[in-house]
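This report concerns only the one structure given below.
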Amino acid sequence: MSELESSLENFKNEILGKFQNPNFAKIFPVVRSIVQSSIDQNFMVEGRFGDGLFGGGTQKWSKSKRALKQNGQTLSDTGRLAASIQIVVSQQGNSLNIQAGSNLPYAAIHNFGGIIHIPARSRTYVQKRYIRGTKKGKFKKGTTFGQGFTTKGYTINIPARPYLVLQDDDIVEILKYIGETLLKG
């Protein structure tokens, strides 16, 4: 075996070793930032879509009633949903795991869509108020116990607005960075 052949064999074994037992720890922050910027972009443009594996649907998000009334952005009223997204990047053997999610109770229904069933209920309202004078509009004290009202049950249909999706460009960027980093290090 010549010197060239042995050096090529050593190089091949070194490359295979890097890919068989990769250490992803040094790339976690960059992968996390790529995923975070992709999710932030989804909120800014109110839904991105594509044909790929992680396309996020076939159309932009439908405008919410609040966004139409206030001329605002869908899913961006207070910014709590976007701010609550947590991204965890970890390694399990030779696999790189990326998990993104939110702990807000309404996060899942906005991402996947669904129907909320509101049951019928009864409430008691105190209706006696001052009609004239300086206290106009304020409740009178102790005049009545109130009046009961019953509301019918109804449903709210929330369309899916997938914000926890990556585009194919983001996947390519992540894979490219992983490949470059493993070849360097």
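Details
- Restricting attention to the range 74-89 and to residues that are part of a strand (DSSP E or B) and touching a helix residue (DSSP H, G or I) at 6+ places or on another chain (Cβ under 7 Å), the residue that is surrounded by the fewest Cβ atoms within 10 Å (Cβ to Cβ) turns out to be Ile87.
- Every residue from the range 8-43 that is hydrophobic (A, V, I, L, M, F, W, C), assigned to a helix (DSSP H, G or I), modelled with pLDDT of 75 or more and surrounded by 12 or more Cβ atoms within 10 Å (Cβ to Cβ): Ile27, Phe28, Val30, Val31, Ile34, Val35, Ile39, Phe43
- Restricted to the range 90-132, and to residues there that are at pLDDT below 90 and in a helix (DSSP H, G or I), the residue that is nearest to Val31 (Cα to Cα) is Asn111.
- Check on Asn71, surrounded by 15 or more Cβ atoms within 10 Å (Cβ to Cβ) and either outside the structural domain of Gln167 (by TED's automatic domain parsing) or out of contact with any strand residue (DSSP E or B) (no Cβ under 7 Å at 6 or more places or on another chain) (or both): no
- Phe149 satisfies every condition listed in (1) surrounded by 13 or more Cβ atoms within 10 Å (Cβ to Cβ); (2) modelled with pLDDT under 90 except (1).
- Filter pass, Arg161 being within 19 Å of Val45 (Cα to Cα), basic (Lys, Arg) and modelled with pLDDT of 90 or more: no
The values are calculated or read from the model by the stated rules, or taken from the named source; none is laboratory data. Just so you know, these numbers come straight off a predicted model, no measurement behind them. Positions of Cβ are generated from backbone atoms using ideal geometry, with glycine treated the same way; all protein chains shown enter the neighbour counts.
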